[in-house]
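The values are calculated or read from the model by the stated rules, or taken from the named source; none is laboratory data. Quick caveat: nothing in here was measured; it's all calculated off a predicted structure. Methodologically, a virtual Cβ is constructed for each residue, glycine included, from the backbone with ideal geometry; neighbour enumeration extends over all protein chains shown. Please note that ligands, DNA and RNA were not included when accessible areas were found on the heavy atoms of the full protein model with its side chains. Shrake-Rupley method; radii C 1.70, N 1.55, O 1.52, S 1.80 Å.
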Amino acid sequence: MPSSIGVIGLGRMAQALLLPLLEKGDFLPEQVFSIVGHEGSLLNARDQLPKGLRIATADDPSAEEVWRAPIQLLAVKPQQLELVKAKAKCFEQIGAGSRPLLISVLAGVTLKRLQQSFPSHNCVRAVPNTPSLVGAGLTGLAWGEGVTHEQRLSVKEIFSPISEVLELPEEQLDAFLALTSSGPAYVALMTEALADGAVAAGLPRSLAYHLAHRTLAGTAELLKEKELHPGQVKDMVASPGGTTITALRHLEKAGVRSALMEAVVVAAERSREMA
């Protein structure tokens, strides 16, 4: 692992990546330099992260130090990219020696655009999803030109403590995002709807949510551990003339399967439009 890391933006995902690295000792707090947008974010980050991290606002002259680290994590909102580029006054000064690595988690920002914005860097796109916040995530990686073997290993070491890491061609990242990054919202919506149905059928709200959470988690574990096709689990549960097949018939009439398929497709299309 490199001797230091620079972090541009300290939101939840950036913190989820940093904390395991600090806990494992891959980086000491003083080896991490971070930039945040304003004073409020700085105070909040200092409350959430270990003492010793060097954190500055974007307007602080010392913020340029983040760009001197061999690895830099870009974790701001996509619409802030141009502002970040404008404030990074030392880009053109980093021409000598090995090229630093920029890891971008910005949705819809292509490798081509990253390379144009940061010409002195090697660039990689990373697409982590929200379950990474609890160490159960998925991260898709697409490598830019010139990324070295050592840099690839460092990137995998950064994301592997919180997620399964998959290397993909960049053209597949939109579909990956539509399923894995947007997917938790689809699952949360289904969980809420199932709990609402249980409440309508007579269960208390708290119990309904607990049962809905456990049902989804247990089903996912069954599919994974037994390596079952989803249709096999459906057929295991749906007996002839029973409650489940009656409910499944209703879901098919309502177009639930098609709606979920189209949700993934339109999310992927929107990601391509954003790019």
>> Probe of 1.4 angstrom, ligands and nucleic acids ignored: what's the accessible area per residue over the chain, in square angstrom?
In response: 56 Å²
>> Please compare each pair in K77/K226; K156/K226; K85/K156 to a cut-off of 32 Å on the Cα-Cα distance and tell me which ones are over it.
In response: K77/K226
>> If you count only protein heavy atoms and use a 1.4 Å probe, how large is the accessible surface of E262, to the nearest 10 Å²?
In response: 90 Å²
> If you stretched the chain out fully between R249 and E171, how much longer would it get, using 0.36 nm times the residue separation minus the C-alpha to C-alpha distance?
Replying inline: 24.4 nm
> Under a plain spin-label model, where a point goes 7 Å from the Cα along Cα-to-Cβ, how far apart in nm are K24 and A217?
Replying inline: 2.4 nm
>> Mean Kyte-Doolittle hydropathy of 0.5 or higher plus an axial Cα length of 15 Å or more: which whole DSSP H helices in the chain meet both?
In response: 12-24, 183-200
>> Taking 8 Å as the Cα distance limit and 6 or more residues as the minimum spacing, I'd like the relative contact order of the chain as a percentage.
In response: 15 percent
> Over the stretch 136-241, what is the mean sequence separation of C-alpha contacts under 8 Å (at least six apart), divided by residue count, expressed as relative contact order in percent?
Replying inline: 20 percent
> Quick one: which of 194-205, 263-274 comes out on top by average Cβ neighbours within 10 Å, and what's the full order, highest first?
Replying inline: 263-274, 194-205
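For the chain, give me the percentage of DSSP beta bridges that are antiparallel, rounded to the nearest 5 percent.
Taking every DSSP beta bridge within the chain, about 15 percent pair in antiparallel fashion.
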> Cα-based Rg (one decimal) and Dmax (whole number) for the stretch 211-275, in Å?
Replying inline: 15.3, 49
> Over the Cα atoms of the stretch 32-166, what is the Rg over Rh ratio if Rh follows Kirkwood?
Replying inline: 0.94
>> Per 0.36 nm of contour for each residue apart, how much would the distance between K87 and A259 grow if the chain were fully extended, relative to their Cα-Cα spacing?
In response: 57.6 nm
